[in-house]
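Trainee: Dropping a structure here in structure tokens format, bear with me for questions.
The values are calculated or read from the model by the stated rules, or taken from the named source; none is laboratory data. Remember, it's a predicted structure, so these values are computed and weren't measured experimentally. For neighbour counting, all protein chains shown are included, and Cβ atoms are generated from backbone atoms with ideal geometry for every residue, glycine included. Ligands, DNA and RNA are excluded from the accessible area calculation, which covers all protein heavy atoms including side chains. Shrake-Rupley method; radii C 1.70, N 1.55, O 1.52, S 1.80 Å.
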Amino acid sequence: MRLALLALRLMCLAWLWPVTQLNSSTFPKKRRHKELHIGENTKLKHGDTKRVDLKMKKLDSTKSLLIKSEQLLRIEDHDFAMRPGFGGSALPVGIDVQVESIDSISEVNMDFTMTLYLRHYWQDDRLAFPSSSNKSRTFDSRLIKKIWVPDVFFVHSKRSFIHDTTMENIMLRVFPDGNILYSVRITVTALCSMDFSSFPLDTQNCSLELESYAYNENDLMLYWKNGNDSLRTDEIVLSQFFVEDFQPSFGLAFYSSTGWYNRLYINFILRRHIFFFMLQTYFPTMLMVMLSWVSFWIDRRAVPARVSLGITTVLTMSTIITGVSASMPQVSYVKAVDIYLWSSFLFVFLSVIEYAAVNYFTTVEEMKKLKNAKIPSSFNANQAMAFDGCFHDNDIDLPSFPEGTSTPNTERNTQSRNSTVSAPLEGTRLRRRKTIKHNLNFIMSNSYMIDSYSRVIFPLAYLLFNILYWSLYA
């Protein structure tokens, strides 16, 4: 019985095996058909988007075979180590400059720093390419090293660099006919030979010079692309200068070993602001000179006051001169500010010398009076101070000196003088010409008059000096 059941099971399995294989081969096809059906439905739902993507792919020329720069411009087919038209006439290269800013001007280093856009225009038939729309192609700095570009450099340049934030500021635009625009943003520090003979009332003429380094006038001809309109500037505001004029010009430079080269000039005129130096230099100097005149109104006996005032003004003038000299280049000629400062220093120094002369003459006058006069025993030192010249003798109450005994010699001299001097005739007038020595003796005997004259002479002389100075340099 058990054997019969086992045989029946085996027969059932043998009968069901082909059916199982048939179903396994049929269901995957249905599954694939279902997935295909779902995918077609999805395409139908998003058909518009797919059509736009397909259209963009057709318009995107980067997917074509010619988009590679080397293939588009046929760079591999030419030797770009040689200039265009090598062996023929000179290649014209137009230059166009836009000055963005003048960053700094240094009098000590005699240079200026300028940021500008430098644009080159030339034609290279080797880079011509077919185009149905006649549109140009723009590239960045990665293509510059594979083609020929003009080797323009800045003459008398100290430092220069191409801006590279966030990428190198270089643009290359190629037109279908082979015309090329090459633009670069540069900051350059160049030499400017300045003349400080009128500083700070000066006007400086500076220039930035452009020239080809390797190609002379037989190979490359530099010229301004649009004449005087080739130089454009933004609004430039400087702290110490007015920018009066920007002007392009052209010239030739000769080198004995290589020949003549075309050179382009960017000329600009700088006029200095004077107000800063008026506040920092001229006004303080004027005040120091005027302060030195205060000593003329101080009593001559106040020696500490007048001496300290004179020394203070002298030291202050020395400090001003040192500060101005530290901010200027060490030139071998005299500047306008030097003339003003040293002349003012001379006025201050003379005011100190004036008091020294007053003090000396006063002392000499006292010594003469004390020597010639017979001082009584009651004449003390406090009364001797009256002879310093500050007051007139008749303004001071002094005890009368005892009359000296007359001698025969004095009487004889008095009689002889009375006999020789006769009264002048009626209608006549005696005139005595005063000599220079007499005037000096008069001033020495009246030393207080030196201060009186100085109160007038010093201001008038300084005023005359200022009139001449500003009329000459302003």
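Trainee: Pick out the one residue from 175, 161, 112 that is touching a Cys at 6+ places or on another chain (Cβ under 7 Å) and either in contact (Cβ under 8 Å) with a residue 40 or more places away in the chain or open to solvent by 40 Å² or more (accessible area, probe 1.4 Å) (or both).
Mentor: Selected residue: 112, the only one of 175, 161, 112 that is touching a Cys at 6+ places or on another chain (Cβ under 7 Å) and either in contact (Cβ under 8 Å) with a residue 40 or more places away in the chain or open to solvent by 40 Å² or more (accessible area, probe 1.4 Å) (or both).
Trainee: Which condition breaks for residue 77 when tested against (1) open to solvent by 90 Å² or more (accessible area, probe 1.4 Å); (2) modelled with pLDDT under 50; (3) under 21 Å from residue 136 (Cα atoms)?
Mentor: Exception for residue 77: condition (2).
Trainee: Of the residues that sit in segment 224-235 and are of a type outside the set (D, E, K, R) and open to solvent by 40 Å² or more (accessible area, probe 1.4 Å), which one is nearest to residue 113 (Cα to Cα)?
Mentor: 233
Trainee: Restricting the search to segment 291-326, which residues are small (Gly, Ala, Ser), more than 14 Å from residue 353 (Cβ to Cβ) and in a helix (DSSP H, G or I)?
Mentor: 305, 308, 318, 323, 325, 326
Trainee: Filter segment 224-238 for residues that are out of contact with any Phe, Trp or Tyr (no Cβ under 6 Å at 6 or more places or on another chain) and either farther than 28 Å from residue 103 by Cβ or part of a helix (DSSP H, G or I) (or both) and give the result.
Mentor: 227, 228, 229
Trainee: If residue 342 meets every condition in (1) part of a helix (DSSP H, G or I); (2) modelled with pLDDT under 95 apart from one, which number is that one?
Mentor: So residue 342 meets the others, but not (2).
Trainee: With the condition kept exactly as written, say whether any residue in segment 289-308 is out of contact with any helix residue (DSSP H, G or I) (no Cβ under 6 Å at 6 or more places or on another chain), closer than 26 Å to residue 84 by Cβ and surrounded by 12 or more Cβ atoms within 10 Å (Cβ to Cβ).
Mentor: Checked against the condition, which is being out of contact with any helix residue (DSSP H, G or I) (no Cβ under 6 Å at 6 or more places or on another chain), closer than 26 Å to residue 84 by Cβ and surrounded by 12 or more Cβ atoms within 10 Å (Cβ to Cβ), segment 289-308 yields no hits at all.
Trainee: Let me ask something additional. May I ask you to verify whether residue 318 is touching a helix residue (DSSP H, G or I) at 6+ places or on another chain (Cβ under 9 Å), open to solvent by less than 40 Å² (accessible area, probe 1.4 Å), of a type in the set (Gly, Ala, Ser) and under 30 Å from residue 360 (Cα atoms)?
Mentor: no
Trainee: While we're here: Can we say residue 238 is of a type in the set (A, V, I, L, M) and surrounded by 17 or more Cβ atoms within 10 Å (Cβ to Cβ)?
Mentor: No: the conditions fail for residue 238.
Trainee: List pairs: first in segment 325-337 and closer than 10 Å to residue 199 by Cβ, second open to solvent by 20 Å² or more (accessible area, probe 1.4 Å) and not aliphatic (A, V, I, L, M), Cβ under 6 Å, 6+ apart or cross-chain?
Mentor: Close Cβ pairs satisfying both conditions: 336/198; 336/473.
Trainee: When segment 207-223 is examined, which residues are found to be in a strand (DSSP E or B) and either in contact with an Asp or Glu (Cβ under 9 Å, 6 or more places away or on another chain) or open to solvent by 10 Å² or more (accessible area, probe 1.4 Å) (or both)?
Mentor: Once the filter is applied, which keeps residues that are in a strand (DSSP E or B) and either in contact with an Asp or Glu (Cβ under 9 Å, 6 or more places away or on another chain) or open to solvent by 10 Å² or more (accessible area, probe 1.4 Å) (or both), segment 207-223 yields 207, 209, 212, 220, 221, 222, 223.
Trainee: Got a sec? Which of 125, 103 is closer than 27 Å to residue 227 by Cα and in contact with a Ser or Thr (Cβ under 7 Å, 6 or more places away or on another chain)?
Mentor: 103
Trainee: Separate question: How many residues, within segment 273-290, are assigned to a helix (DSSP H, G or I) and either closer than 30 Å to residue 360 by Cα or in contact (Cβ under 8 Å) with a residue 12 or more places away in the chain (or both)?
Mentor: Residues meeting the conditions: 11.
Trainee: Go through segment 436-454 and give me each residue that's modelled with pLDDT of 80 or more and surrounded by 12 or more Cβ atoms within 10 Å (Cβ to Cβ).
Mentor: 449, 450, 451, 453, 454
To keep it simple, each residue is scored yes or no on (1) open to solvent by 80 Å² or more (accessible area, probe 1.4 Å); (2) at pLDDT 90 or above.
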residue: 44; (1), (2): yes, no
residue: 51; (1), (2): yes, no
residue: 56; (1), (2): yes, no
residue: 63; (1), (2): yes, no
residue: 66; (1), (2): yes, no
residue: 70; (1), (2): no, no
residue: 83; (1), (2): no, yes
residue: 97; (1), (2): no, yes
residue: 103; (1), (2): yes, yes
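Trainee: Another question, if that's okay. Give me the strands (runs of 3 or more DSSP E) completely within segment 91-189, filtered to those with at least 2 residues that are within 25 Å of residue 263 (Cα to Cα) and within 36 Å of the chain's Cα centre (by Cα), ordered by residue number.
Mentor: Output list reads 91-106, 111-123, 152-155, 157-162, 170-174.
Trainee: Next up: Looking at (1) farther than 24 Å from residue 224 by Cα; (2) touching a residue at least 40 places away in the same chain (Cβ under 8 Å); (3) part of a strand (DSSP E or B), which is the only condition residue 80 fails?
Mentor: With respect to (1) farther than 24 Å from residue 224 by Cα; (2) touching a residue at least 40 places away in the same chain (Cβ under 8 Å); (3) part of a strand (DSSP E or B), residue 80 is out only on (3).
Trainee: State all residues of segment 245-272 that are under 29 Å from residue 327 (Cα atoms) and touching a residue at least 60 places away in the same chain (Cβ under 8 Å); if no residue qualifies, say none.
Mentor: Scanning segment 245-272 gives 246, 266, 267, 268, 269, 270, 271, 272.
Trainee: Something else: Out of the residues in segment 223-265 meeting the condition of being over 17 Å from the mean Cα position of the chain (by Cα) and of a type in the set (A, V, I, L, M, F, W, C), tell me which one is farthest from residue 105 (Cα to Cα).
Mentor: 260
Trainee: Mind listing just one residue for me: the one in segment 331-360 that is among the small types (Gly, Ala, Ser) and under 18 Å from residue 107 (Cβ atoms) and, of those, most open to solvent (accessible area, probe 1.4 Å)?
Mentor: Within segment 331-360, the match that is most open to solvent (accessible area, probe 1.4 Å) is 332.
Trainee: So, residue 369, is that one surrounded by 12 or more Cβ atoms within 10 Å (Cβ to Cβ) and modelled with pLDDT under 85 or not?
Mentor: Against the criterion (surrounded by 12 or more Cβ atoms within 10 Å (Cβ to Cβ) and modelled with pLDDT under 85), residue 369 qualifies.
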